[in-house]
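The structure appears right after this line, and notes come after that.
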Amino acid sequence: MSVPRGRRWRAQMLARCVGSALAALSMLAPVAHAQGEAAEGLLRFSAQERARIATHGPWPPAPAADAGNRVQGDAAAAALGKRLFFDKRLSASGQLACASCHDPGRGFQDGLRFSRHGRNTPSLLNTGHQRWFGWDGAKDSLWAAALLPLTAPDEIGATPTSALTLLQQAPDLRVPYEVLFGAPVADTTLMVNLAKALAAYQATLVSRRTPFDDFRDALLKGDSLAAQRFPPAAQRGLKIFIGEGRCFFCHTGPTFSNGEFADIGRPFFTPVGADPGRWGGLQALLASPFNRLGSHSDARPQHASAVATRHVQPEPRNFGEFKVPGLRGVAGTAPYFHDGSAATLEGVVMHYSTLDERRLHADGARILRALHLSAAQAADLAAFLRSLTASDGPNLRTP
């Protein structure tokens, strides 16, 4: 058995999703423009456009599950993980916590251009619904992704000995740990268990509903009065996003990401050398004892969740590819791209508008092309991207 790979497969899967959405939409109440006239303040959206819009929801999604982490979805594990996430005592210096780089007030990232290996710190919002983790996908589970900074000497730098000492001195951590995992021992399993508790918490970090979600739901229900509350600029930007901009090919689904990797023409040279991106990530993933095929996973290697890991193979085209980020909450997570080189959403739009196609890989399906947007179109596309962030208060959804 083999797993289909590459852009052609992603395009085929997208076509199936759109086809399913079209079938579902045929049973929904028609919107005003489908009957011949658009409501005042509401643009006309074709059946194909409505089908593409439908694929970006509903929101919020069902809670994320991970067969490789038996405590994900356990409220007690999430509570322990939250304590660990904000506890500076866990770090070797006593000065850092996970929240130091993944600040809740900044969309669970740090607002810096880059902080580790020349890469931008990604947001943790909606990470429970991802398939690969890190800009290069070097981890295939949320708990393995949490384990890396937990144990890295240049980050939290915890060790089995230091973690055991902390648990022995902190009953608020030791007691829930023992309930979940049993008596702690200063070994690798201790670190894995802490990472799984951290992952249980991070899986609960789901972004709130947005103006786009209200528009999507109203449009599909045929509620034109509610739909026309969506700003005209955002509606025009949405048309670009799902139309001539072809953004939806990669930023698809409810999280606005296909979860895969792409070369988007950004430089991959850093002050310390070339960043191999997905190519290097695959090397690290396959060599890691903490991937889904290893003994630390709570699911057997034959489990369906491990299929992708079992069959991935590094290919030359993977060099310089980076993960397609989800766009929910994007207005609150600047700067952008793997190297944090775009300070604003306008900068992101400008990149795609003036894309130098000569920088792109020559092999595979060519999805990206320079959009050559007018100033008004660029502003509209940025307005739509902002509509993917909650407009009032924090962007974190409260269960």
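The values are calculated or read from the model by the stated rules, or taken from the named source; none is laboratory data. Everything numeric in this text was worked out from a predicted model, so none of it was measured. Glycine also receives a Cβ, built like all others from the backbone with ideal geometry; neighbour counts cover every protein chain displayed.
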- [ ] Among residues belonging to segment 211-222 that are farther than 15 Å from residue 330 by Cα and out of contact with any Gly (no Cβ under 8 Å at 6 or more places or on another chain), point out the one that is surrounded by the fewest Cβ atoms within 10 Å (Cβ to Cβ).
- [x] 221
Task: Residue within segment 278-287 that is part of a loop (DSSP other than H, G, I, E, B) and buried (at least 16 other Cβ atoms within 10 Å of the Cβ) present - done: no
Task: Filter result for residue 157 (assigned to a loop (DSSP other than H, G, I, E, B) and either buried (at least 17 other Cβ atoms within 10 Å of the Cβ) or touching a Cys at 6+ places or on another chain (Cβ under 8 Å) (or both)) - done: no
Open item on the list: Quick check on residue 125: is it outside the structural domain of residue 380 (by TED's automatic domain parsing), in a loop (DSSP other than H, G, I, E, B) and in contact with a Phe, Trp or Tyr (Cβ under 6 Å, 6 or more places away or on another chain)?
Closed with: yes
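This table checks each residue for (1) over 13 Å from residue 53 (Cβ atoms); (2) of a type outside the set (S, T, N, Q); (3) modelled with pLDDT under 95; (4) touching a His at 6+ places or on another chain (Cβ under 6 Å).
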| position | (1), (2), (3), (4) |
| --- | --- |
| 194 | yes, yes, no, no |
| 199 | yes, yes, no, no |
| 207 | yes, no, no, no |
| 214 | no, yes, no, no |
| 221 | no, yes, no, no |
| 231 | yes, yes, no, no |
| 235 | no, no, no, no |
| 243 | no, yes, no, no |
| 248 | no, yes, no, no |
- [ ] Working only within segment 232-272, note down all residues that are out of contact with any strand residue (DSSP E or B) (no Cβ under 7 Å at 6 or more places or on another chain), over 23 Å from residue 206 (Cα atoms) and assigned to a loop (DSSP other than H, G, I, E, B).
- [x] 243, 244, 245, 246, 264, 265, 266, 267, 271, 272
TODO: Return the total of residues in segment 332-370 being out of contact with any Leu (no Cβ under 7 Å at 6 or more places or on another chain), buried (at least 20 other Cβ atoms within 10 Å of the Cβ) and aliphatic (A, V, I, L, M).
DONE: 1
Open item on the list: Please go through (1) out of contact with any helix residue (DSSP H, G or I) (no Cβ under 8 Å at 6 or more places or on another chain); (2) crowded, with 16+ Cβ neighbours inside 10 Å; (3) modelled with pLDDT of 95 or more for residue 78 and return the number of the only condition it doesn't satisfy.
Closed with: (1)
- [ ] Go through segment 223-248 residue by residue and tally those that are surrounded by 19 or more Cβ atoms within 10 Å (Cβ to Cβ) and either out of contact with any Lys or Arg (no Cβ under 7 Å at 6 or more places or on another chain) or of a type in the set (Val, Ile, Thr) (or both).
- [x] 14
Open item on the list: When you check residue 63 against the structure, is it closer than 25 Å to residue 292 by Cα and touching a strand residue (DSSP E or B) at 6+ places or on another chain (Cβ under 7 Å), yes or no?
Closed with: no
Task: Filter pass, residue 299 being among the aliphatic types (A, V, I, L, M), surrounded by fewer than 18 Cβ atoms within 10 Å (Cβ to Cβ) and in a loop (DSSP other than H, G, I, E, B) - done: yes
Open item on the list: Restricting to segment 328-374, count the residues that are assigned to a loop (DSSP other than H, G, I, E, B) and either among the polar types (S, T, N, Q) or within 30 Å of residue 396 (Cβ to Cβ) (or both).
Closed with: 14
Open item on the list: Condition (residue is outside the structural domain of residue 110 (by TED's automatic domain parsing), under 25 Å from residue 248 (Cα atoms), surrounded by fewer than 19 Cβ atoms within 10 Å (Cβ to Cβ) and touching a residue at least 24 places away in the same chain (Cβ under 8 Å)) applied to segment 318-327: is it met by at least one residue?
Closed with: yes
TODO: Exactly one condition in (1) more than 30 Å from residue 304 (Cβ to Cβ); (2) in contact with a strand residue (DSSP E or B) (Cβ under 8 Å, 6 or more places away or on another chain); (3) of a type in the set (Val, Ile, Thr) is not met by residue 210; state its number.
DONE: (2)
- [ ] For segment 86-102, name all the residues that are under 22 Å from the mean Cα position of the chain (by Cα), more than 12 Å from residue 173 (Cβ to Cβ) and assigned to a helix (DSSP H, G or I).
- [x] 98, 99, 100, 101
TODO: Scan segment 309-350 for residues that are over 29 Å from residue 386 (Cβ atoms) and among the charged types (D, E, K, R) and report the count.
DONE: 3
